[in-house]
Amino acid sequence: MEPQLGLHELLHVFSFLEARDLLSAAQVDKVWNEVSRTKELWRQLCLRRWSSCKASQMTLGTQTWKQYYLCRSELEFRIESGRPEKDFICKAIAGHNGGIDELAYISTNECRFDGQEKSVVCTVSSDSTVRAWDVQEGTEIWSSPLQPAALVNLVTYPRLQLVVTVDKLGLIKVWKAENGREWASFSLPTYSSALQACDHPEGPFLLVASAEGILYALTMPQLQLLSRTSVFPSSPTSLLCSPDCQWVLASTQDSDLGPKVFYTRSLLCLVEDEPPVSTTLPIWLTSRACWAPDETARLMVMHRNNDSRQLAITTYELGAKQSQEGVDVVVQQIASFLLPDTMAPPHLMKGHGSQMILLVSGSELVLFTIQGLQLAAFQDHQKPVTSLWVDQSRVLTASLDLSLRVYVWNKENKFPVLKSCYHLLGGSHRWASGFTHVESDSTSIVGVEARGVGTSILRSYCFSTRHGSEDCVE
């Protein structure tokens, strides 16, 4: 090029290029190659493609932003392709003597490309144990001693490396994730209907709903009682924390009592003789709800409309306003729509981004905007879907047809487009009755495969990359 561009000008021009163009420019000459490897160019490419990408995710072995970009692009290519043995390795992991009722990852959801990546999940079972599993190796890391009653639920705190379980009698326990040692315990008067792990800016805490409709707030990890609030007397209560843990939705299914939203700070610091700050939403016969993950306080609720004949989904924005009397909850309805008459009542509901809702009805997965525009519908399973998992990159469904379905997001348009990719198959239909749960992190997928006589196993699918091939860059 005459006259030749200086390094500063060349860097400015390269800042407008995409990854594949930048890789091509590196082939021109020594100067272009040097400029194309500039840290800031690849850092900006990473931040544009993965909004959650931060410098803290650059782990040992990932020396540059360029290497991170190439390795993560290859990983996403493998997850989208899903070629057995070439892109992933499947393992059956057995150990529990009963059915697995819940599972959750305890490992942090970071991308590592140094050969040291390790995914760990914890499970609770009707055999009265909680266990931790190495997903890549397909081995048990530890198992708790036999507990007094069957364990029915668990939540995890990956940052703190803590696991919380509850049994069918209402006994809550905290366990250290590294070795399975018991840390603390707390007894409810009745069984628990819901657990929510909250990593609040002012400190982590645990929310528990009892079968009597009581909401408990407990410190972590000591499980000391912070507050006890009656929400729906004598009614099992569901809980759902907002992405920033500033709000919690408490609801009881198909009830004439409207769902309540609590300002969580008021649950942690109760003023004597004053109830926690909350508001009741002006709807009833609530069946499902979810938060928009890209918004701090956008709530979508499925409920019956005014004449109780049709299902509707209403979206609210929540806010806290300081007043002379204290804190007031501000609720604004921003959208509402009726579900089609032809659609059976959905049994699973998740949010994506700030505008999208995913619903599962029987074996069908349907995508709507919060205004009610249907974007897509998928009928990839032969039997009902039992579990739905959603993040910013992909969607997973588990089904009684003994398969998991993998979908990936394409975000180039105004609304993200969901692409149906492939099935991950379970074991033999002779021994298994289908998948009941599915969870995922950045490099693995784990499903719970139900077996005969009330037993379950884990089935893992691990995706990995070592080289960061340039062929996988779009």
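Read-outs throughout are calculated quantities, based only on the coordinates presented, and are distinct from any laboratory measurement. Since the model is a prediction, treat every value here as computed from it, not as a measurement. We place every Cβ from the backbone using ideal geometry, glycine too, and count neighbours over all the protein chains shown.
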Report, in deg cm²/dmol and to the nearest 500, the calculated mean residue ellipticity at 222 nm for the chain, where each DSSP H run with n ≥ 4 adds -39500 (n - 2.57) and the sum is divided by the residue count.
-> -3500 deg cm²/dmol
How about K86: which aspartates and glutamates have a C-alpha closer than 14 Å to its C-alpha, ignoring those fewer than 8 places off in the same chain?
-> E74, E76
Expressed as a whole number of Å, what is the distance separating the alpha-carbon centroids of segment 403-431 and segment 173-204?
-> 33
Take the Cβ-Cβ distance between K383 and Q322 as r, set R0 to 45 Å, and report the resulting FRET efficiency rounded to the nearest 0.05.
-> 0.30
Which of (1) 39, 28, 24; (2) 51, 37, 20; (3) 40, 36, 22 is the computed semi-axes √(5λ) of the Cα gyration tensor in Å? It is (1)
Once label points are set 7 Å from the Cα along Cα→Cβ at both W431 and L160, what is their separation, rounded to one decimal in nm?
-> 3.8
From the cross-link list K168/K350; K383/K411; K91/K118; K118/K176; K350/K411; K118/K350, which pairs have alpha carbons spaced over 20 Å apart?
-> K168/K350; K383/K411; K118/K350
Overall form of segment 333-474 per C-alpha gyration tensor (a/c, 1.5; a/b vs b/c) | oblate
Dipole of the chain (Lys/Arg Cβ +1, Asp/Glu Cβ -1, origin at the Cα centre): which of N33, N97, W409 lies farthest to the positive side?
-> N97
Yeah, segment 91-221 with a ≥ b ≥ c from its alpha-carbon gyration tensor (a/c under 1.5 is rounded, else prolate when a/b outruns b/c, oblate otherwise) is oblate
Sequence neighbours fewer than 8 away in the same chain don't count; with that in mind, list the lysines whose C-alpha is under 22 Å from K321.
-> K260
